[in-house]
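Comments concern the structure below.
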Amino acid sequence: DRFPQDAKLHSTSFSEAEPPRVLITGGLGQLGVGLASLLRKRFGKDNVILSDIKKPPAHVFHSGPFVYADILDDKKLHEIVVNHRISWLFHYSALLSAVGEANVALARDVNITGLHNILDVAAEHNVRLFVPSTIGAFGPTSPQNPAPDLCIQRPRTIYGVSKVHAELMGEYYYYRYGLDFRCLRYPGIISADSQPGGGTTDYAVQIFQAAVKNGTFECNLEANTRLPMMYINDCLRATLEVMEAPAERLSMRTYNISAMSFTPEELAQALRKHVPDFQITYCVDPLRQAIAESWPMSLDDSNARKDWGWNHDFDLPELVATMINFHGARTR
Ligand code: AKB
């Protein structure tokens with residue numbers, strides 16, 4: 001049997017003596033390098049392998065192991081997992097919401113076929129698997145404020161459809177084959193030293209650099225568009241915490257996590273505490289606006305807080321202070 005029913009008996013806990021051997025796919029996106037750095041501090045530099053199909057910048061290449069991995073090449077994936085004795089896999093390869101709509105066929109290949117390859121390799125080699133989901137897995141018929149863990153999910157983007165598919169397939173493999181699948185629905189993630197690639201929440205990353213550099217920002221969402229957001233440090237810590245949680249603490253396999261929700265106007269207002277003359281203008285992108293309006297304004301993450309002790313550190317004021325500080329703020 002390729003997929004032993006008792007796989008989860010072997011994969012649920014690692015003794016402290018032996019740290020996991022980690023592979024991160026899509027490692028050169030917004031989150032991979034930061035995740036690798038967090039995991040390397042915890043498990044040792046050589047136990048965490050970043051991978052992507054792009055050439056890494058020098059500082060990433062020199063910071064720890066890096067391999068080429070195309071998630072559409074399933075034979076190569078098996079080879080990497082076997083040769084590096086991988087025991088935990090963080091699957092970050094994906095096309096995001098706006099770029100996915102611009103290239104549906106590629107999004108389907110990467111986000112759906114790629115995920116199938118990852119599920120099979122993880123199940124076959126008894127690997128604990130983390131797949132990020134998103135607020136994009138909800139749609140216009142989901143409860144919007146807040147969206148609970150379990151509710152109607154009828155997203156209208158290929159990105160959202162692929163993420164609902166990932167949640168369901170991962171849970172199916174968990175019940176059917178014992179795959180130790182763990183999944184968090186991320187809000188829009190705000191990072192200082194890495195850029196998102198083609199999402200709907202990207203404005204909330206770009207606005208900080210523009211505010212510090214020019215004192216102005218042209219926003220592609222309407223002023224009152226409220227979306228759930230999170231600072232990257234909270235997101236990466238949550239990811240590590242859910243992967244380290246003892247299996248018996250997890251009453252589910254897919255959890256919402258949340259920190260704050262704001263509109264562009266509220267973010268601009270918070271920014272003015274640091275850049276008093278900051279000006280925001282609006283040039284709305286109809287695609288991104290329609291996507292944003294189909295997503296929830298906030299997430300109910302009470303199950304994550306109850307089951308495995310999730311707690312965010314960054315609310316809006318701390319987020320803004322940290323981002324402005326990074327971009328070399330002129331706090332007046
Ligand atoms: C996007 O905007 O597409 C992503 C997400 C919220 O999943 N940042």
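The values are calculated or read from the model by the stated rules, or taken from the named source; none is laboratory data. In this text, all values refer to a predicted model and were calculated from it rather than measured experimentally. Every residue, glycine as well, gets a Cβ built from its backbone with ideal geometry; the counts of neighbours run over all protein chains shown. Each accessible area value is taken on the protein alone, full model and side chains, heavy atoms only, with ligands, DNA and RNA left out. Shrake-Rupley method; radii C 1.70, N 1.55, O 1.52, S 1.80 Å.
The residues of the range 132-209 expose on average 35 square angstrom of accessible surface per residue, using a 1.4 Å probe on protein heavy atoms.
Only helices enter this figure: runs of n ≥ 4 DSSP H residues, each worth -39500 (n - 2.57), summed and divided by the residues of the chain, yield -11500 deg cm²/dmol at 222 nm to the nearest 500. So which of Lys41/Lys273; Lys45/Lys75; Lys213/Lys273 end up more than 23 Å apart by C-alpha? Check vs 23 Å cut-off fails for Lys41/Lys273; Lys45/Lys75.
Rounded to the nearest whole Hz, the Karplus-based 3J(HN,Hα) values (6.51 cos²θ - 1.76 cosθ + 1.60, θ = phi - 60°) of the range 18-23 follow the sequence 10, x, x, 9, 10, 10, with x at glycine and proline.
The apolar share of the surface of the range 194-264, taken as the fraction of accessible area on carbon and sulfur atoms (1.4 Å probe, ligands and nucleic acids excluded), comes to 43 percent. For the chain, a simple Cβ point-charge model (Lys and Arg +1, Asp and Glu -1, everything else neutral) yields a dipole of about 400 debye relative to the Cα centre. For Ser93, the residues 5 or more places off, or on other chains, whose built amide H falls under 5 Å of its own are Thr25, Gly26. Evaluated at q = 0.09 Å⁻¹, the base-10 log of the normalised Debye intensity for the chain, with identical point scatterers placed on the Cα atoms, takes the values -0.46. The DSSP beta bridges internal to the range 187-302 are antiparallel in roughly 30% of cases. Seen through its C-alpha gyration tensor, with square-root eigenvalues sorted a ≥ b ≥ c, the range 120-215 comes out oblate because a/c lies at 1.5 or above while a/b is not bigger than b/c. Residues considered: Asn126, Asn233, Asn145. Largest GNM mean-square fluctuation over the chain, using C-alpha springs under 10 Å, is found at Asn145.
If you wrap the tightest convex hull around every Cα atom of the range 169-273 and split its volume per residue, you get 127 Å³.
When a/c is below 1.5 the answer is rounded, else prolate if a/b is larger than b/c, else oblate, so apply that to the range 259-332 with a ≥ b ≥ c taken from the square roots of the Cα gyration tensor eigenvalues. In terms of gyration-tensor shape, oblate. Counting protein heavy atoms only, the range 40-85 has 55 percent of its accessible area on carbon and sulfur, 1.4 angstrom probe.
In this structure the amide hydrogen of Leu184, modeled in the peptide plane, comes within under 5 Å of the amide hydrogens of Val131, Ser133, Tyr255, none closer than 5 places in sequence on its chain. Within the chain, DSSP assigns beta bridges of which about 10% are antiparallel (rounded to the nearest 5).
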